[in-house]
Amino acid sequence: MPCSVSFTPLGRIFGRALRTSNVRRTTRPVRAAMTSGAVAALLKSAPSWEDLKTASQNTDTGKKLIAEEALRAKGEGSPHTASKLRLFGASEADVRVTFYRDHAAWCPYCQKVWMMLEEKRIPYRIERINMRSYGDKPAWFLEKVPSGLLPVLELDGQFITESLVIMQTLEQNYPDIPMIPEQEFDRANVLLRLERKLFSDWCGLVFRPSMPGPFGGGARKGFEQTFDQVDAALGELPGPWFLGGDTPSIVDLQYVSHIERMNASCLYWKGMQLRGTSRWANVERWFAAFEERPSYHASKSDYYTHIMDIPPQYGPGYSDSSKEAQAAQLEIDGVTGWKLPLKLSSSSPEPLPDSMNPGEEAARHEAAYKLSINAKAITKFACRGMGEKGAKQFSAPLADPYAVPNLNFESKVDEMLRVAVCLLLDGSAEPSTDKTSKHGKDAAKCLAYLRDRVGVPRDMSFPAAQQLRAHLNLIIDGI
């Protein structure tokens with residue numbers, strides 16, 4: 001299934017970092033624990049954005065993020081959605097590859113190519129392009145690639161489309177770190193055919209209505225049996241990877257981008273938990289190995305982002321009426337999942353492995369940093385919640401790139417976001433016990449608009465996104 005290109009304006013807002021020098025901490029000391037009922041008292045007394053930005057930059061997490069941005073500007077450091085150049089120690093003059101991928105860092109076909117470039121340490125430039133369901137494509141890109149589909153690789157001036165063709169081309173032109181062992185070529189082809197069967201069974205399970213009656217469980221049974229075959233294949237050779245060895249192969253990359261989306265969609269629409277089960281222990285070991293790798297850290301989305309982005313690309317998911325599916329939907333949609341205190345761990349319905357868990361404080365401080373360095377743009381973006389829809393609409397439900405913000409709410413939203421950053425920095429927020437007042441419901445729509453459009457990994461990490469969503473809910477309940 002081809003992937004069209006993506007645009008979500010919030011990604012650009014969060015991704016544009018501002019810098020200050022000679023900063024000093026000026027925010028107030030840590031408060032007593034803060035309930036939502038006390039939020040209103042803070043609205044008029046929250047520190048300025050300049051003070052909050054200084055404080056967020058002076059946290060250990062802020063200093064780490066600033067150092068990472070400095071390395072990214074030089075084409076070095078860890079992979080990241082905001083990177084524009086990756087050198088791996090090479091000279092910029094030696095870069096032969098430009099990689100065109102989606103703005104949202106969500107497209108599964110882009111993800112596998114992105115990971116391959118990182119795993120093979122191929123120097124490359126990055127251009128981010130819009131998905132059709134999220135916004136218009138730039139004319140200059142359509143002149144180069146009339147189909148408009150992603151991913152696209154430009155190698156020595158030649159344009160290559162289709163993810164597997166791109167990956168084969170990279171393997172042929174950059175053989176130093178091989179990702180298809182010659183002795184495993186036949187096995188690789190067998191496994192790639194199995195991946196297509198798994199993909200087909202997933203589509204039959206999730207994107208078609210369940211049949212009623214005694215024969216209605218056929219799609220689920222078929223998917224589970226194919227997933228059993230995948231799990232068995234992962235157990236046939238030493239180590240966690242399909243083709244053995246110490247590093248992932250093209251086969252692993254072909255599987256991981258869609259199984260990642262199966263994890264979210266099967267849980268959300270069918271109440272099926274694919275992670276952390278003894279039945280598929282080899283798949284779990286395989287994911288644990290991926291979650292140790294920087295290329296997967298940078299490209300992995302969270303379940304909410306998947307559930308929002310899957311239907312515009314694959315069609316609507318059909319939900320079971322099971323209690324498991326209903327509970328998963330409440331959790332992933334944030335009804336139960338975006339409440340303080342958060343409980344994020346490797347055993348959560350959406351597992352957060354230790355390798356990707358920086359701890360609660362670091363997650364809060366990452367969210368505070370992302371808000372404070374782009375406060376003005378984010379505030380205006382949130383005001384779209386009370387603004388006008390764009391004259392041109394797109395199929396993705398959360399995409400409205402031409403929306404007009406209602407700046408009559410700018411001052412109120414600014415105050416609420418400063419309170420959110422205060423709470424994110426000092427960790428004093430407690431569970432909400434209040435409800436949005438009639439007076440505050442319009443301003444609350446602005447915060448909800450922002451909350452619902454925080455994407456992973458586009459805007460921030462999963463733990464940081466959960467902290468931001470939960471803290472925005474606290475403010476919403478307290479106004």
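The values are calculated or read from the model by the stated rules, or taken from the named source; none is laboratory data. In this text, all values refer to a predicted model and were calculated from it rather than measured experimentally. With ideal geometry, Cβ positions are generated from the backbone for all residues, glycine too; neighbour counts draw on all protein chains shown. Calculation scope for accessible area: heavy atoms of the full protein, side chains included, ligands and nucleic acids excluded. Shrake-Rupley method; radii C 1.70, N 1.55, O 1.52, S 1.80 Å.
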Sort through 325, 368, 363, 382 and tell me the only one that's within 23 Å of residue 425 (Cα to Cα), at pLDDT 95 or above, aliphatic (A, V, I, L, M) and in contact with a Ser or Thr (Cβ under 6 Å, 6 or more places away or on another chain).
368
Whether any residue in the stretch 8-30 is modelled with pLDDT of 70 or more and not in a helix (DSSP H, G or I) is what I want to check.
no
In the list 319, 299, 295, 278, which residue meets the criterion of being over 29 Å from residue 399 (Cα atoms) and of a type in the set (Ser, Thr, Tyr)?
278
Residue ranges of helices (runs of 4 or more DSSP H) in the stretch 221-334 with at least 3 members open to solvent by 40 Å² or more (accessible area, probe 1.4 Å) and in contact (Cβ under 8 Å) with a residue 12 or more places away in the chain
281-290, 323-332
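Can you go through 105, 67, 73 and tell me which one is in contact with a Leu (Cβ under 9 Å, 6 or more places away or on another chain) and modelled with pLDDT of 90 or more?
Result: 73 is the single residue among 105, 67, 73 that is in contact with a Leu (Cβ under 9 Å, 6 or more places away or on another chain) and modelled with pLDDT of 90 or more.
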Filter pass, residue 198 being aliphatic (A, V, I, L, M) and either more than 24 Å from the chain's Cα centre (by Cα) or open to solvent by 70 Å² or more (accessible area, probe 1.4 Å) (or both):
no
Please verify whether the stretch 391-405 includes one or more residues that are open to solvent by less than 20 Å² (accessible area, probe 1.4 Å) and aromatic (Phe, Trp, Tyr).
no
Residues of the stretch 99-125 being free of Cβ contacts under 8 Å to residues at least 60 places away in the same chain and open to solvent by 20 Å² or more (accessible area, probe 1.4 Å), which ones?
121, 123, 125
The correct count of residues that are modelled with pLDDT of 90 or more and open to solvent by less than 40 Å² (accessible area, probe 1.4 Å) in the stretch 421-450 is 14
Please give the number of the condition residue 54 fails out of (1) part of a helix (DSSP H, G or I); (2) farther than 30 Å from residue 427 by Cβ; (3) polar (S, T, N, Q).
(2)
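For the stretch 449-474, which residues satisfy the criterion of being in a loop (DSSP other than H, G, I, E, B) and either farther than 12 Å from residue 367 by Cβ or without any contact (Cβ under 8 Å) to a residue 12 or more places away in the chain (or both)?
452, 453, 455, 457, 458
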If you check every pair at least six apart or on different chains, which have Cβ atoms under 9 Å apart with a residue in the stretch 184-210 that is polar (S, T, N, Q) first and a residue that is open to solvent by 80 Å² or more (accessible area, probe 1.4 Å) second?
210/220; 210/318
